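**Q** Before anything else, here's the structure in question.
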Amino acid sequence: MYDPKSSKAEEFISHDEILASIEFAEQNKKNSNLIEQILEKAKMYKGLPHREALTLLLCEDNDLNKRLYSIARDIKDRFYGHRIVMFAPLYLSNYCINGCVYCPYHLKNKHISRRKLTQDEIRAEVIALQDMGHKRLALETGEHPLMNPIEYVLESIKTIYSIKHKNGAIRRVNVNIAATTVENYRKLKDAGIGTYILFQETYHKERYEQLHPTGPKSDYAYHTEAMDRAMDAGIDDVGCGVLFGLTDYRYDFTGILMHAEHLEAAKGVGPHTISVPRIRNADDIEASAFENGITDDQFEKIVAVLRIAVPYTGLIISTRESKAARERVLKVGVTQISGGSRTSVGGYVEPEPEDETSAQFDVVDTRTLDQVIHWLLDLGYIPSFCTACYREGRTGDRFMSLVKSGQIANCCQPNALMTLQEYLEDYASPETKEAGIRRISEELTRVPNEKIQKLASERLVSIANGERDFRF
């Protein structure tokens, strides 16, 4: 049975419905009339159901695929402009009791360096991140009830928000921790988190159980229903994701859209973000051992069709991907990227020697944050450190209503420019600052409301003169 309003994982992520959708899409991937109808529907900017989106994903007609990419780029420009939100992961601990076979944190790995940051070490890591220019973090930790209890996560969030170093401050802490209880999600909400993030890894239940043979994460239903509990606890913004390469990409692509449809149907608002990582090498993990890897072409098309299917949802890509791969998907849909990332515990203060590791995966894009910012500016984007919507209470359905109406540009565009100006004044290299000032001058005219545009211009001057933290 498939029921997007159901609270049961196996009903809102229906195995039979996914298989039927794959069969339908395979049968119609050369049906040009149907695909043209779906593309016309996509141009209405209201998204697509999972079956129609999968049909686009499998389309083999080159001319129709060109139109698909054009629509994806148009949707991105319409709702997000040239803005790219910046963030960094912060790994608190890699102690874990799960047996996930694709992750080096798994319990049986006896040669990985296990580490848990103290609050003083967290302060040092945060100051290092602030000195780069970061304002938004994603907390990461393994699942371990003794080493990483909820109290440790809550104390760490409090520590992070308390640190004011020079002109630096972390203004939004997103949290990526294991599925937990409604009570614990309420505690995270009260601690002032931004988005609660949890990757499903794969929606294929049988494959999921093979990949998670031991530990609490082996409970497919409990894990898959975590977003419902988080939203029941009052967390407005949740972020979903799958790890492409673990199983048939057609299955997980369909599953993540069904999850988004479920949250919309059952909770009134879909996911705030969707992440699209691909499996990578790590300490004792060889990505090549997994038989479901996807090519860069397939990856780009997945992002483009996601952009069309969920036009109001942010799409995230990390430093797992190369510069070239990131550039491709930025054009067709990605709206958030990490920069200058370290995926090891304590790696921002003291990078690890090559002969030992506590990293969760190998970083492919190893450029500094300043290099990433300059690259984005050269590509015509606005690197944004904005956290205004979260701090102004524009979350959940309130945020989505602004996006759908197009009014969000009157907030996001000037906020992006002002936070970029802060970065340029406080952290940028001379070359990056010069490129950024030019970009701000060009992009200020894209603010739709003339009064807001004028006020933003005045605030940009104030930031150049030393004032900080303006927001619309």
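The values are calculated or read from the model by the stated rules, or taken from the named source; none is laboratory data. Computed from a predicted structure; not experimentally measured. Glycine gets a Cβ as well: all are built from the backbone with ideal geometry, and neighbour counts include every protein chain shown.
**Q** If you scan segment 11-40, which residues turn out to be of a type in the set (D, E, K, R), surrounded by 15 or more Cβ atoms within 10 Å (Cβ to Cβ) and assigned to a helix (DSSP H, G or I)? Please lay out each step first, then the result.
**A** Residues of segment 11-40 of a type in the set (D, E, K, R): 11, 16-17, 23, 26, 29-30, 36, 40.
Add one more test, that the residue is surrounded by 15 or more Cβ atoms within 10 Å (Cβ to Cβ), and what stays is 11, 17, 29.
Matches in segment 11-40: 11, 17.
**Q** Also, quick follow-up: What residue, among those in segment 85-131 that are over 24 Å from residue 179 (Cα atoms) and free of Cβ contacts under 8 Å to residues at least 24 places away in the same chain, is surrounded by the most Cβ atoms within 10 Å (Cβ to Cβ)?
**A** Across segment 85-131, the extreme among qualifying residues is 120.
Residue by residue, here is whether (1) farther than 18 Å from residue 472 by Cα; (2) buried (at least 21 other Cβ atoms within 10 Å of the Cβ) holds:
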| residue | (1), (2) |
| --- | --- |
| 383 | no, yes |
| 391 | no, no |
| 405 | no, no |
| 423 | no, yes |
| 431 | yes, no |
| 440 | no, no |
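**Q** If you don't mind, another one. Where in segment 41-139 are there helices (runs of 4 or more DSSP H), lying fully within it, with 2 or more residues that are in contact with a Gly (Cβ under 9 Å, 6 or more places away or on another chain) and either among the aromatic types (Phe, Trp, Tyr) or within 30 Å of residue 416 (Cβ to Cβ) (or both)? Reasoning before the result, please.
**A** On the way: elements: 50-58, 62-80, 119-132.
Result: 62-80, 119-132.
Here is a yes/no grid of residues against (1) touching a Lys or Arg at 6+ places or on another chain (Cβ under 9 Å); (2) under 20 Å from residue 218 (Cα atoms); (3) among the basic types (Lys, Arg):
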residue: 81; (1), (2), (3): yes, no, no
residue: 89; (1), (2), (3): yes, no, no
residue: 98; (1), (2), (3): yes, yes, no
residue: 101; (1), (2), (3): no, yes, no
residue: 108; (1), (2), (3): no, yes, yes
residue: 115; (1), (2), (3): no, no, yes
residue: 120; (1), (2), (3): no, no, no
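**Q** Evaluate the following for residue 208: is it surrounded by fewer than 19 Cβ atoms within 10 Å (Cβ to Cβ) and either aromatic (Phe, Trp, Tyr) or not assigned by TED's automatic domain parsing to the domain that holds residue 176 (or both)? Let's see the steps before the verdict.
**A** Values: surrounded by fewer than 19 Cβ atoms within 10 Å (Cβ to Cβ): no; either aromatic (Phe, Trp, Tyr) or not assigned by TED's automatic domain parsing to the domain that holds residue 176 (or both): yes.
Taking the combined requirement at face value, the residue does not satisfy it.
**Q** (1) more than 26 Å from residue 73 (Cα to Cα); (2) free of Cβ contacts under 8 Å to residues at least 40 places away in the same chain; (3) assigned to a helix (DSSP H, G or I): which one isn't true of residue 297, the others all being true?
**A** Condition (1) is where residue 297 drops out.
**Q** While we're on this one: With a cut-off of at least 2 residues that are buried (at least 22 other Cβ atoms within 10 Å of the Cβ), name the helices (runs of 4 or more DSSP H) lying wholly within segment 214-282.
**A** 226-232, 249-267
**Q** Moving on. What residue, of 232, 190, is free of Cβ contacts under 8 Å to residues at least 12 places away in the same chain, among the acidic types (Asp, Glu) and closer than 29 Å to residue 397 by Cα?
**A** Values: 232 fails: free of Cβ contacts under 8 Å to residues at least 12 places away in the same chain.
Testing whether each residue is free of Cβ contacts under 8 Å to residues at least 12 places away in the same chain, among the acidic types (Asp, Glu) and closer than 29 Å to residue 397 by Cα leaves just 190.
**Q** Turning to a different aspect of this structure: In segment 179-198, which residues are within 10 Å of residue 226 (Cα to Cα) and in a loop (DSSP other than H, G, I, E, B)?
**A** 179, 180, 181, 198
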